[in-house]
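Worksheet: the structure to be examined is printed underneath.
The values are calculated or read from the model by the stated rules, or taken from the named source; none is laboratory data. All figures in this text were calculated on a predicted structure; none of them were measured in a lab. Here the Cβ positions follow ideal geometry from the backbone for every residue, glycine too, while neighbour counts run over all protein chains shown. Remember, those area values only see protein heavy atoms, side chains included, never the ligands or the DNA or RNA. Shrake-Rupley method; radii C 1.70, N 1.55, O 1.52, S 1.80 Å.
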Amino acid sequence: MSTEKRQILVTSALPYANGPLHLGHILEQTQTDIWVRFQRLRGHDCYYICADDAHGTAIMLSAEKQGISAQEQIDQVRREHMRDSTDFGIHFDNFSSTHSDSTRRWTERIYEKLRENGHIAEREITQAYDQEKGLFLADRFIKGTCRRCNAPEQYGDNCEVCGATYSPLELKDPVSVLSGSTPVEKSSKHFFFRLPMFEDMLRDWVGSGHLQDAVANKLGEWINEGLQEWDISRDAPYFGFTIPGEEDKYFYVWMDAPIGYIGSFEEFSERAGIDFDSFWKTGDGTELYHFIGKDIINFHGLFWPAILHSADLRTPNGVFAHGFLTVDGTKMSKSRGTFINARHYLDHLDAEYLRYYFAGKLSDGVDDIDLNLEDFVQRVNSDVVGKVVNIASRCAGFLRKGFGNRTAEKLAQPELLAAMVSAAPEIAAAFEAREFARAIRLIMGLADQANVFIDQEKPWVLIKDPEQHDRVQRVCSTGLNAFRILMIYLTPVLPQMSERSAAYLNTTLSWAELDKHLLNHELNTFAPLIQRIDPKDVKRMVESNVVGSEKDIADQSQNNGQKKAQPGSSTSRSKAEDSSTIGIEDFKRVELRVARISQAETVEGADRLLKLTLDVGDLGTKTVFSGIRSAYETDALEGRLAIWVANLAPRKMRFGISEGMVLAAGEGDSDVFLLSVDSGAAPGMLVT
């Protein structure tokens with residue numbers, strides 16, 4: 001690997017300015033930040049820039065609902081995003097907003113270049129239109145009944161029950177979720193980026209090592225299926241940049257969002273005196289990398305390089321996609337308290353716990369990453385506290401009490417430290433390749449060796465023999481130098497603990513000085529470097545985060561017919577609102593009815609589910625799958641009255657279709673209590 005000083009620009013996906021950061025965002029920012037900090041630790045110039053994705057209909061509607069301007073909303077959210085990222089140890093060189101003068105200038109400049117090159121087309125299209133709100137409706141703003149299976153409350157692009165795909169106005173009884181009115185068809189002029197003209201260029205770019213193999217293969221399939229022209233415009237009203245020469249046409253948010261990378265870096269380069277052109281125009285001697293979630297790879301792997309190529313700008317050296325974040329093996333869920341916002345986590349737990357855990361899970365692949373809360377506690381306590389900090393805490397006391405906080409002039413086992421230093425190239429290669437989990441395994445293997453050395457030497461026994469005191473000093477000095485090497489390796493992952501360690505060791509932690517041991521060196525007073533995780537804090541975090549709904553967060557749909565973004569993905573660019581509260585009008589829409597459980601059956605292959613057949617009076621019988629098996633025997637349920645959510649959309653499960661939900665409450669396991677009504681109530685009766 002080259003030792004020449006590199007000039008590197010790194011970005012992560014722009015969080016959408018319509019809500020708080022959640023742990024999916026933090027996963028991506030942590031992955032990026034670790035890689036950036038590693039490059040800096042190795043002596044390279046590595047700049048990390050980002051911004052808020054601040055445009056779109058959802059921003060406009062959210063601000064309108066709050067009674068504030070869109071500018072006020074994005075300013076407020078940007079402050080919150082910057083605060084939360086900073087508190088997670090994320091160090092941006094610049095964090096901007098796509099609603100900036102710099103991004104606007106670059107968007108207009110790039111658009112004009114695309115037009116000059118013949119890469120913009122114009123044509124009329126027909127869309128669903130809300131006459132009451134006076135705006136065109138994206139698919140996610142339309143609901144209705146599926147024509148194929150008659151499932152109610154389906155969004156305007158596909159049915160979540162039977163999988164049918166359709167255009168919004170093909171729904172039965174389509175309704176605008178914004179006004180409740182029936183949409184009509186309306187045509188307008190739109191502008192399109194002529195992506196098919198870049199097929200050959202994209203084949204070469206996708207196949208040239210800029211992407212992970214799995215991503216390159218997927219994009220290759222899309223290219224083979226035939227590229228389509230990309231709609232880059234939206235009609236007024238809209239919050240964004242107007243298209244030059246037009247009065248009521250705006251750039252679609254996904255047009256200007258990646259250009260926000262350029263705008264943010266221009267702000268930074270002007271402030272820091274850095275050569276902007278070498279990073280974005282010529283690419284001479286510089287590197288450019290994007291870290292993103294796998295749900296937005298089509299934008300970064302197809303549209304973005306094609307636009308850059310047309311605009312005579314450099315394309316990225318690499319686009320690194322990661323998987324979604326799950327919690328305890330499932331998608332993040334409000335009902336289970338596992339849809340965790342960044343600030344909510346920070347209210348209960350140290351940020352560096354999560355940075356370490358994520359590092360121990362991350363690889364260069366696109367597989368999903370699971371935050372298993374029990375494993376989270378055990379791994380952090382075992383590795384960070386039980387292995388690494390344990391070395392320092394075991395040795396510090398002996399040196400303070402018996403040797404004036406000074407290390408020995410000689411080491412007890414220099415070959416141990418030599419072996420730890422010799423591991424640097426392999427650890428560096430793992431960090432460079434984003435194989436953080438492998439780097440962590442290697443580092444913890446070294447920590448094990450250092451602990452074995454201390455256990456074998458037993459300084460707590462040696463100190464009892466005055467003739468062995470010098471040996472104790474050398475042993476503990478060897479231990480602390482081993483700790484120093486470990487903390488250099490862990491600096492990109494645990495920057496705050498690294499700072500505290502450097503303060504205690506009274507030195508700097510430099511990769512270039514791995515083999516410069518602290519001999520006859522004065523230490524500062526040892527102070528706790530990090531506390532063990534108390535499992536009760538994790539439990540409190542989850543319990544205090546539970547929202548009064550048993551339905552998992554619905555997948556947020558992306559504009560322009562894109563696949564739905566998964567909860568826990570790093571990006572929130574799907575423009576659906578993400579709020580942990582509902583208004584009284586939303587609550588009024590929940591229809592609760594009395595149901596009699598006529599049959600209860602266990603479900604083969606499911607540990608927690610029971611299949612309930614419900615008698616709901618004139619509404620007939622309904623089948624519901626309920627996770628109450630740990631609390632109820634089937635015989636105890638049959639004949640019992642319960643409360644049924646009647647207007648919850650049917651949900652297709654592996655075991656069948658669940659038609660609604662029965663309500664229950666409790667701590668879990670055997671402490672689950674079915675909500676029931678007076679025995680005199682009739683099945684099908686409304687509960688008010």
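Things worth noting here:
- Count - residues of the stretch 268-293 that are touching an Asp or Glu at 6+ places or on another chain (Cβ under 9 Å) and under 30 Å from A58 (Cα atoms): 4
- Hits in the stretch 288-303 - residues which are closer than 21 Å to D93 by Cβ and touching a helix residue (DSSP H, G or I) at 6+ places or on another chain (Cβ under 9 Å): L288, Y289, H290, F291, I292
- Pick from the stretch 146-158, criterion on the phi < 0 side of the Ramachandran plot and in a loop (DSSP other than H, G, I, E, B), ranking: most open to solvent (accessible area, probe 1.4 Å): R148
- Scanning the stretch 105-145 for residues that are of a type in the set (S, T, N, Q) and open to solvent by 80 Å² or more (accessible area, probe 1.4 Å) yields a count of 2.
- Contact map, the stretch 228-245: first residue over 20 Å from A306 (Cβ atoms), second residue open to solvent by 40 Å² or more (accessible area, probe 1.4 Å) and assigned to a loop (DSSP other than H, G, I, E, B), Cβ cut-off under 7 Å, separation 6 or more or different chains; pairs are D235/D248; A236/D248.
- Unique residue being surrounded by fewer than 18 Cβ atoms within 10 Å (Cβ to Cβ), within 28 Å of the chain's Cα centre (by Cα) and among the hydrophobic types (A, V, I, L, M, F, W, C) when the list is V206, V215, V161, V177: V177
- The conditions of being at pLDDT 95 or above and open to solvent by 10 Å² or more (accessible area, probe 1.4 Å) are not met by D295.
- Residue check, S233 open to solvent by less than 10 Å² (accessible area, probe 1.4 Å) and within 22 Å of G134 (Cβ to Cβ): yes
- Of the helices (runs of 4 or more DSSP H) lying entirely inside the stretch 377-487, those carrying at least 3 residues that are under 30 Å from A321 (Cα atoms) are 424-432, 436-457.
- Search result, residues across the stretch 590-612 that are part of a loop (DSSP other than H, G, I, E, B), more than 25 Å from M685 (Cβ to Cβ) and open to solvent by 60 Å² or more (accessible area, probe 1.4 Å): E604, G605, D607, R608
- Residues that are part of a loop (DSSP other than H, G, I, E, B) and touching a Ser or Thr at 6+ places or on another chain (Cβ under 7 Å), drawn from the stretch 352-376: D368
- 3 or more residues at pLDDT below 95: qualifying strands (runs of 3 or more DSSP E) within the stretch 38-134: 120-130
- Residues satisfying the stated conditions in the stretch 613-628, i.e. open to solvent by 50 Å² or more (accessible area, probe 1.4 Å) and in contact with an Asp or Glu (Cβ under 7 Å, 6 or more places away or on another chain): T621, K622
- Residues of the stretch 183-203 that are open to solvent by 60 Å² or more (accessible area, probe 1.4 Å) and touching a helix residue (DSSP H, G or I) at 6+ places or on another chain (Cβ under 7 Å): E185, E199, R203.
- The stretch 247-270: number of residues that are open to solvent by 10 Å² or more (accessible area, probe 1.4 Å) and without any contact (Cβ under 8 Å) to a residue 12 or more places away in the chain: 2
- Within the stretch 338-351, the set of residues being assigned to a loop (DSSP other than H, G, I, E, B), aliphatic (A, V, I, L, M) and buried (at least 21 other Cβ atoms within 10 Å of the Cβ) comprises I340 only.
- Scanning the stretch 440-482 for residues that are out of contact with any Lys or Arg (no Cβ under 7 Å at 6 or more places or on another chain) and among the β-branched types (V, I, T) gives I440, I443, V452, V461, I463, V472, V475, T478.
- Residue count, the stretch 314-337 (criterion: in contact (Cβ under 8 Å) with a residue 40 or more places away in the chain, touching a helix residue (DSSP H, G or I) at 6+ places or on another chain (Cβ under 9 Å) and open to solvent by 10 Å² or more (accessible area, probe 1.4 Å)): 5
- Residues being open to solvent by less than 10 Å² (accessible area, probe 1.4 Å), within 24 Å of G240 (Cβ to Cβ) and not hydroxyl-bearing (S, T, Y) - total across the stretch 3-21: 5
- Any pair with Cβ under 6 angstrom, 6 or more apart, that starts in the stretch 400-418 at a residue that is open to solvent by 70 Å² or more (accessible area, probe 1.4 Å) and ends at one that is in a loop (DSSP other than H, G, I, E, B): E409/L519; E409/N520
- Among the residues listed as E633, E659, the single one being within 26 Å of G163 (Cβ to Cβ) and modelled with pLDDT of 80 or more: E659
- Residues in the stretch 479-497 that are without any contact (Cβ under 8 Å) to a residue 60 or more places away in the chain and open to solvent by 10 Å² or more (accessible area, probe 1.4 Å): none.
- Test: residue in the stretch 169-180 that is hydroxyl-bearing (S, T, Y) and assigned to a helix (DSSP H, G or I): no
- Pick from the stretch 636-655, criterion at pLDDT 80 or above and assigned to a loop (DSSP other than H, G, I, E, B), ranking: surrounded by the most Cβ atoms within 10 Å (Cβ to Cβ): P650
- Scan of the stretch 613-635 for residues that are in a loop (DSSP other than H, G, I, E, B), of a type in the set (V, I, T) and either over 21 Å from P683 (Cβ atoms) or within 38 Å of the chain's Cα centre (by Cα) (or both), ordered by number: I628
- Failed item in (1) open to solvent by 20 Å² or more (accessible area, probe 1.4 Å); (2) without any contact (Cβ under 8 Å) to a residue 12 or more places away in the chain, with L308 passing the rest: (1)
- Counted residues, the stretch 268-308 - those being under 22 Å from F193 (Cβ atoms) and part of a helix (DSSP H, G or I): 15
- Consider the stretch 378-399 and keep the residues that are β-branched (V, I, T) and buried (at least 21 other Cβ atoms within 10 Å of the Cβ). The one that is nearest to the chain's Cα centre (by Cα) is V380.
- Residue within the stretch 275-283 that is farther than 19 Å from Y48 by Cβ, surrounded by fewer than 18 Cβ atoms within 10 Å (Cβ to Cβ) and touching a residue at least 12 places away in the same chain (Cβ under 8 Å) present: yes
- Looking only at the stretch 531-567, and only at residues there that are modelled with pLDDT of 95 or more and of a type in the set (A, V, I, L, M, F, W, C), the one that is farthest from L648 (Cα to Cα): I533
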